[in-house]
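J.: What follows is a structure written as structure tokens; I'll ask about it next.
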Ligand SMILES: NC(=O)c1ccc[n+]([C@@H]2O[C@H](COP(=O)([O-])OP(=O)(O)OC[C@H]3O[C@@H](n4cnc5c(N)ncnc54)[C@H](O)[C@@H]3O)[C@@H](O)[C@H]2O)c1
């Protein structure tokens with residue numbers, strides 16, 4: 001497969017597939033996007049027409065029977081993603097599945113087991129860990145520039161509450177909340193950042209949930225304190241569904257200095273007693289991260305190397321976010 005194009009399908013033609021995955025695939029000369037699928041046939045057809053994709057269907061099983069297909073991107077809600085991933089692995093396909101890779105740890109373990117049994121590979125869509133600026137932060141930490149232990153101050157706010165202006169989005173996020181607090185969903189990326197940056201097991205978690213509207217099925221503003229075995233501590237604020245967002249933050253405070261990550265203005269800064277070091281990138285954060293994520297998936301498929309972030313990273317992230325959720329105690333009743 002080394003020189004040939006990777007023949008790939010996309011399962012799930014929702015927001016992230018249509019806005020990011022499909023454009024990244026079409027821009028990549030190593031990929032042949034052969035077909036897309038969504039249980040909502042109108043969505044699949046609209047995406048196929050918009051991007052000139054030659055085939056679309058409502059049943060991914062039809063596509064996975066095609067022996068010439070090498071791989072799939074699964075961009076479905078996380079309560080269906082693991083079963084689709086397992087089916088595709090058993091059909092002999094490599095899979096890039098969206099985060100979180102499941103909402104139940106036992107399902108994530110089943111995916112990892114199937115990966116081992118089939119010898120096909122899984123990459124988990126922790127897209128933003130591929131940001132070169134985040135890698136710069138990790139390098140500063142590894143070089144000891146901040147000293148140790150470190151205190152992470154991270155606040156991420158997303159998903160505007162706008163039931164009148166955007167009812168489809170309102171219904172989608174409301175339903176997602178029935179399957180987990182925001183830490184399980186958006187927090188999946190943050191838990192992965194912490195895994196990458198602290199490189200240490202979690203020792204204990206304290207977390208508190210706050211619900212800004214009584215009709216919400218779960219808290220929509222999570223605050224957690226996470227202690228790591230290496231002495232690092234993180235304070236996370238992850239919030240959803242506000243009409244206006246408070247300022248986000250991403251700072252790492254160490255005995256030797258502070259690192260500040262401004263993902264949207266594309267800079268990282270290291271402030272120590274020796275002065276200030278700043279790295280800027282003049283690029284689009286989304287484009288960069290989705291392009292690198294796909295490049296790594298292709299390299300991983302073509303080589304003997306395991307895919308990173310893979311199921312190991314997916315399970316670390318889910319284990320941590322489920323610890324946060326269980327400390328918060330929500331949502332009350334989860335649909336089956
Ligand atoms: N990596 C990132 O940056 C990023 C960003 C946003 C969302 N996500 C993740 O991507 C996933 C999808 O998010 P979204 O915002 O696109 O959601 P979405 O609801 O807009 O899209 C999901 C799509 O999957 C389809 N679907 C459901 N079950 C299916 C099945 N069995 N077969 C085929 N299609 C099926 C739905 O009809 C829908 O169109 C979520 O897990 C989310 O957390 C990741």
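J.: Over the range 194-301, what is the relative contact order in whole percent, taking alpha-carbon pairs under 8 Å and six or more residues apart?
T.: RCO, the range 194-301: 13 percent.
J.: Gain in length, residue 116 to residue 178, computed as 0.36 nm per residue apart minus the alpha-carbon separation, to one decimal in nm?
T.: That works out to 19.2 nm of additional length.
J.: I've got another one for you. In degrees, nearest 10, range 0 to 90: what is the angle between the Cα axis of helix 187-198 and the longest Cα principal axis of the chain?
T.: 60 degrees
J.: Highest mean first, how do 184-193, 215-224, 146-155 rank when packing is the count of other Cβ atoms within 10 Å averaged over residues?
T.: Packing proxy ranking, top to bottom: 184-193, 215-224, 146-155.
J.: Once you have the Cα-Cα distance between residue 32 and residue 46, take 0.36 nm times their residue separation minus that, and quote the gain in nm to one decimal.
T.: That pair, residue 32 and residue 46, stretches by 3.1 nm at full extension.
J.: How far, in nm, would the chain grow between residue 227 and residue 284 when pulled straight, counting 0.36 nm per residue and subtracting the alpha carbon separation?
T.: Gain in length upon complete extension: 17.2 nm.
J.: Another question, then. Between the range 287-330 and the range 155-188, what is the separation of their alpha carbon centroids in Å?
T.: Centre-to-centre distance over Cα atoms comes out at 21 Å.
J.: If you don't mind, another one. Of all DSSP beta bridges located in the range 90-234, what percent are antiparallel, nearest 5?
T.: Given both bridge residues lie in the range 90-234, the antiparallel proportion sits at roughly 60 percent.
J.: Another question about this same structure. Taking 37 °C and 0.692 mPa s as the conditions, I'd like the Stokes-Einstein D for the range 57-181 in µm²/s, using the Kirkwood hydrodynamic radius from alpha carbon pairs.
T.: 189 µm²/s
J.: Can you sort 210, 60 from fewest to most other Cβ atoms within 10 Å of each residue's own Cβ? Display every interim value, and only then the final one.
T.: On the way: 210 12, 60 24.
Final ranking by Cβ density, sparse to dense: 210, 60.
J.: Related question: Can you check how the C-alpha radius of gyration of the range 1-75 compares to 2.2 N^0.38 Å, as a plain ratio?
T.: Compactness ratio reported: 1.00.
J.: Roughly how compact is the range 127-207, stated as its Cα Rg over 2.2 N^0.38 Å to two decimals?
T.: It is 1.40.
J.: Rg and Dmax of the range 55-125, Cα atoms, in Å?
T.: Using the Cα atoms of the range 55-125, the pair Rg, Dmax is 11.2, 34 Å.
J.: Give the Rg/Rh ratio for the chain, taking Rg as the radius of gyration of the Cα atoms and Rh as the Kirkwood radius, to two decimals.
T.: Rg/Rh for the chain comes to 0.96.
J.: Shifting gears a bit: Report, in degrees rounded to the nearest 10, the 0 to 90 angle that the Cα long axis of helix 81-90 makes with the longest principal axis of the chain.
T.: The two axes meet at around 50 degrees.
J.: Tell me the angle of helix 311-328 to the major Cα principal axis of the chain, expressed in degrees between 0 and 90 and rounded to the nearest ten.
T.: 60 degrees
J.: OK, next. Compute from the Cα atoms of the range 234-274 the Rg and the Dmax, the latter being the longest Cα-Cα distance, and quote both in angstrom.
T.: For the range 234-274, the Cα-based Rg and Dmax read 13.0, 42 Å.
J.: Give me the distance in nm between label points sitting 7 Å out from Cα along the Cα-to-Cβ direction at residue 277 and residue 55, one decimal.
T.: 5.1 nm
J.: A further question follows. Where the centroid of each part is defined by its Cα atoms, how far is the range 200-276 from the range 1-69 in Å?
T.: 35 Å
J.: Of all the Cα-Cα pairs you can form in the range 173-309, what percent are over 18 Å apart?
T.: Tail of the P(r) past 18 Å holds 68 percent of the pairs.
J.: For labels at residue 267 and residue 200 in the simple 7 Å Cα→Cβ model, what's the distance in nm?
T.: The two pseudo-label positions are separated by 2.9 nm.
J.: A further question follows. If I model a spin label as a point 7 Å beyond the Cα along the Cα-Cβ vector, how far apart are those points for residue 162 and residue 299 in nm?
T.: With each label point 7 Å from Cα toward Cβ, the separation is 3.7 nm.
J.: I need to check one value: relative contact order of the chain, counting alpha carbon pairs closer than 8 Å and at least 6 residues apart, in percent.
T.: Contact order relative to length: 20 percent.
J.: So which residue, out of 167, 306, 201, gets the largest mean-square fluctuation from a GNM of the chain using Cα contacts under 10 Å as springs?
T.: Greatest mean-square fluctuation among the candidates belongs to 167.
J.: For the range 231-336, compute Rh as the Kirkwood radius over C-alpha pairs and then the Stokes-Einstein diffusion coefficient at 37 °C and 0.692 mPa s; write the answer in µm²/s, rounded to an integer. Show your work: numbers first, answer last.
T.: On the way: Rh = 17.9 Å.
Calculated translational D: 183 µm²/s.
J.: Where both partners of a DSSP beta bridge lie in the chain, what percent of those bridges are antiparallel, to the nearest 5?
T.: 55 percent
J.: Would you compute, from DSSP H runs of 4+ residues alone, the mean residue ellipticity of the chain at 222 nm, taking -39500 (n - 2.57) per run and dividing by the full residue count, rounded to the nearest 500? Kindly include the intermediate steps, with their values, before the conclusion.
T.: On the way: 11 runs with 120 residues, N = 336.
Mean residue ellipticity at 222 nm (helix-derived): -11000 deg cm²/dmol.
No value in this document is a laboratory result; all are computed from the given coordinates. The structure displayed is predicted, hence computed values, not measured ones. Here Cβ is always computed from backbone atoms with ideal geometry, including for glycine, and neighbour counts include all displayed protein chains.
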